[in-house]
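Below is one structure, written out as structure tokens; the observations come after it.
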């Protein structure tokens, strides 16, 4: 993460905040050139951490990045040139996969356009984007009260929907690119999908009808048919990917029945 942040080309007035929401403050006194570490250890929530970083910073725009993303050096310029129109509060950059990852599960994630700001589930709607790479107008962010806290997943989508409901617009700036490393273990991938399921249920309660449970039985039946067809045709990787689809569907449904509450950690002091 430190090496990735060092790639960013900064302009006058740009500043970097690293929100550390680990239980013990893992960064400690680690020096990060040009950046300030903000402790955000009250709860295990990326949204709590992002709010803490935003409160500690100045500037008209807030650029949110995930720790496992590597930004292009010119990311900020790619977002702000040309300048966004006055009514736009959300700029979604692209999240590209790391093509140096050769394992089965990263290849699977690439085939499914995981986290793509245009091709993933919410990206296709054009009405939400992921905070792995997202620029938000500070005035709109503060008027909306920032991210909902106390949750594990769904806060980025919720913020986008609240800003759109308030009359702001969302635009894509796909030249503003970061490279993201996908999960390399099946356990890690399915845990991620289960967390998304918990977030989907929370979103459906907060925005009724927006995020229903994924149909389990029809989905598993379709996956089974495709697995058999892939094996018969000798398309073994395609068949394997459809098997992972089925496991992901189960994980999402399990997550949908689970709590989206973020674990509470030690009080900040």
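Just a few scattered comments:
- Screening residue 184 with (1) touching a helix residue (DSSP H, G or I) at 6+ places or on another chain (Cβ under 8 Å); (2) touching a residue at least 24 places away in the same chain (Cβ under 8 Å); (3) over 21 Å from residue 105 (Cα atoms) gives one miss only, at (3).
- Complete set of residues in the stretch 157-181 that are touching a strand residue (DSSP E or B) at 6+ places or on another chain (Cβ under 7 Å) and within 20 Å of residue 200 (Cβ to Cβ): 160, 163, 164, 170
- Of 216, 174, 265, all but one fail to be surrounded by fewer than 20 Cβ atoms within 10 Å (Cβ to Cβ), under 25 Å from residue 128 (Cα atoms) and modelled with pLDDT under 95; the exception is 174.
- Residue match in the stretch 196-208 (condition: in contact with a helix residue (DSSP H, G or I) (Cβ under 7 Å, 6 or more places away or on another chain) and surrounded by fewer than 16 Cβ atoms within 10 Å (Cβ to Cβ)): yes
- Only residues that are closer than 22 Å to residue 192 by Cα and crowded, with 19+ Cβ neighbours inside 10 Å were counted in the stretch 123-147, giving 9.
- Scanning the stretch 91-110 for residues that are touching a residue at least 24 places away in the same chain (Cβ under 8 Å), in contact with a strand residue (DSSP E or B) (Cβ under 8 Å, 6 or more places away or on another chain) and farther than 29 Å from residue 249 by Cα turns up at least one hit.
- From the options 153, 125, residue that is free of Cβ contacts under 8 Å to residues at least 40 places away in the same chain and more than 18 Å from residue 54 (Cβ to Cβ): 125
- Residue, surrounded by the most Cβ atoms within 10 Å (Cβ to Cβ), within the stretch 64-87, restricted to residues that are assigned to a strand (DSSP E or B) and under 13 Å from the mean Cα position of the chain (by Cα): 65
The values are calculated or read from the model by the stated rules, or taken from the named source; none is laboratory data. Model, not experiment: these values are computed from the prediction. With ideal geometry, Cβ positions are generated from the backbone for all residues, glycine too; neighbour counts draw on all protein chains shown.
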